[in-house]
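Trainee: First the structure, which I've put down as structure tokens, then a few questions once you've had a look.
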Amino acid sequence: MLVVANWKMNPLSVEEAKQLFSTISQKEEVVICPPCPFLYLGKNFVLGGQNCSNKKEGSLTGEVSAFMLNSIGCKYVIVGHSERRVIMKETDDIINIKALMAIDAKLTPIICVGEINKSNKGEEIERQLKIALNGINKDVVVAYEPIFAIGTGNPCSIDVANERRELIKNILKEKGLEKSLVLYGGSVNSENVSFYTKQAGFDGVLVGKASLDANEFNKIIENALCSRKS
Ligand code: PEP
């Protein structure tokens, strides 16, 4: 079971980041992905970057190398988040290179896939995932994050989430990556988390907004880890 916090571009001050770290339950199944300037504050946590460059090093102002993330103790990096696909126009091929770069740097990529349109029957995530996994021969983490559910308060229905989870698991199996974990992300909170981790059988969750409220996030962790035990 894996519970991943994606703080995105929050909070705005080092004091607030310290406060968040000091109140979140620290467990091996919990991964915190804060903004880069706050990574050093989470030394006792399992850490992940929110993004990495598709290049190893060089003249790329503002970029962060997967190797840098590894060198400061990160274990994971998120690649292909919908905000990067849509706002930063990252293509499937770029995301594939980032995932390969992460593995090269000894990080586990958390590869996000998700359809923009609710009526899409899974072809979009099939394409995204197959391209993202090109050349990958090591288990990864895949997060199913339908865009219509991210930050909207409207999580994906259990039935659709379950169908997508099966599709993702099948693709991973075809590629010989069946030990990869599959997470759900999109408006997860302490009330609905066990629908995904227990009923739909996901291996964990990726949490955005609710991970910025330590009390709520601690409840999400507790409920998710409970599903694992029962
Ligand atoms: C996300 O952006 O990865 C996410 C899951 O956001 P939220 O939990 O706020 O929907």
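The values are calculated or read from the model by the stated rules, or taken from the named source; none is laboratory data. Source: prediction; values computed, not measured. When we count neighbours, we look across all protein chains shown, and the Cβ atoms used for this are built from the backbone with ideal geometry, even at glycine. Accessible surface areas use protein heavy atoms only, side chains included; no ligands, DNA or RNA. Shrake-Rupley method; radii C 1.70, N 1.55, O 1.52, S 1.80 Å.
Trainee: On the Cα set of region 74-230, report Rg and Dmax in Å, please.
Mentor: Here Rg and the maximum Cα pair distance are 14.7, 41 Å.
Trainee: OK, next. If the only charges are +1 at each Lys and Arg Cβ and -1 at each Asp and Glu Cβ, what is the size of the charge dipole of the chain around the Cα centre, to the nearest 20 debye? Display every interim value, and only then the final one.
Mentor: Working: 28 positive and 27 negative charges, 74 e Å.
Using only the charged Cβ atoms, the result is roughly 360 debye.
Trainee: A follow-up question, please. If the only charges are +1 at each Lys and Arg Cβ and -1 at each Asp and Glu Cβ, what is the size of the charge dipole of region 137-230 around the Cα centre, to the nearest 20 debye? All intermediate terms of the calculation are to be shown ahead of the outcome.
Mentor: Details: 12 positive and 12 negative charges, 57 e Å.
In debye, rounded to 20, region 137-230 gives about 280.
Trainee: Another question, if that's okay. Within region 1-107, which GluC sites (Glu not before Pro) sit in a loop by DSSP and count at most 14 neighbouring Cβ atoms inside 10 Å?
Mentor: Working: sites: Glu15, Glu16, Glu28, Glu29, Glu57, Glu63, Glu83, Glu90; in loops: Glu28, Glu29, Glu57, Glu63, Glu90.
Here the GluC sites (Glu not before Pro) that fit, given the DSSP loop and packing criteria, are Glu28, Glu57, Glu63.
Trainee: Relative to a virtual label point 7 Å from the Cα of Asn215 in the Cα→beta-carbon direction, which members of region 12-55 show backbone nitrogen distances below 20 Å?
Mentor: 16-26, by backbone N distance to the label point.
Trainee: Next question, about the same structure. For the chain, with the dipole built from +1 on Lys and Arg beta-carbon atoms and -1 on Asp and Glu ones, taken about the Cα centre, which of Ala105, Ile221, Asn10 lies farthest toward the positive end?
Mentor: Sorting the options by dipole projection puts first Ala105.
Trainee: Which value at 222 nm does the chain reach when only helices count, each DSSP H run of 4 or more adding -39,500 (n - 2.57), with the total divided by all residues and rounded to the nearest 500 deg cm²/dmol? List each step's numbers first, then the result.
Mentor: Details: 7 runs with 77 residues, N = 230.
Helix-only estimate at 222 nm: -10000 deg cm²/dmol.
Trainee: Leaving out ligands and nucleic acids, and using a 1.4 Å probe, what accessible area per residue does region 12-69 come to in Å²? If you can, show how the numbers build up before the last one.
Mentor: Numbers: 3220 Å² over 58 residues.
Heavy-atom SASA per residue in region 12-69 reads 55 Å².
Trainee: Place +1 on the Cβ of every Lys and Arg and -1 on the Cβ of every Asp and Glu in region 146-230, take the dipole about the Cα centre, and give the residue among Thr197, Ser180, Ser157 whose Cα lies farthest towards its positive end.
Mentor: Ser180
Trainee: Output the pairs from Lys106/Lys179; Lys173/Lys219; Lys89/Lys118; Lys130/Lys219; Lys121/Lys219; Lys8/Lys179 with a Cα-Cα distance over 25 Å in this structure; if there are none, say none.
Mentor: Listed pairs above 25 Å: Lys173/Lys219; Lys130/Lys219; Lys121/Lys219; Lys8/Lys179.
Trainee: Only helices at least 15 Å long along their axis, Cα-based, and averaging -0.5 or more on Kyte-Doolittle count here, so list those DSSP H runs from the chain. The partial results should precede the final answer.
Mentor: On the way: long enough: 92-104 (18 Å, 0.72); 158-174 (24 Å, -0.63); 214-229 (22 Å, -0.56).
For the chain, where a helix must reach 15 Å along its axis and average at least -0.5, the hits are 92-104.
Trainee: Relative contact order of region 2-229, please, whole-number percent, based on alpha carbon pairs below 8 angstrom and at least 6 residues apart. Mind dumping the intermediate values first?
Mentor: On the way: 435 pairs, mean separation 44.1, N = 228.
Contact order relative to length: 19 percent.
Trainee: Still on this structure, I have one more. In region 29-147, with Lys and Arg counted as +1 and Asp and Glu as -1 at Cβ, which of these residues, Ile32, Val141, Phe45, has the Cα nearest the positive end of the dipole, that is, farthest along it?
Mentor: Going by the Cα projections, it comes out as Phe45.
Trainee: What aspartates and glutamates sit close enough to Lys55 to cross-link, taking a C-alpha to C-alpha distance under 19 Å and skipping anything fewer than 8 places away on the same chain?
Mentor: Excluding near neighbours in sequence, the set is Glu63, Glu90, Asp92, Asp93, Asp104.
Trainee: Could you please state how large a percent of the accessible area of the chain is carbon and sulfur, counting protein chains only and using a 1.4 Å probe? Show your work: numbers first, answer last.
Mentor: On the way: 5520 of 10960 Å².
In the chain, the share of accessible area belonging to carbon and sulfur is 50 percent.
Trainee: Can you tally the net charge around Met9? Count Lys and Arg as +1, Asp and Glu as -1, for every other residue whose Cβ sits under 14 Å from the Cβ of Met9. Please report the intermediate quantities before stating the final value.
Mentor: Values: positive: Lys8, Arg84, Lys209; negative: Glu16, Glu83.
Neighbourhood net charge equals +1.
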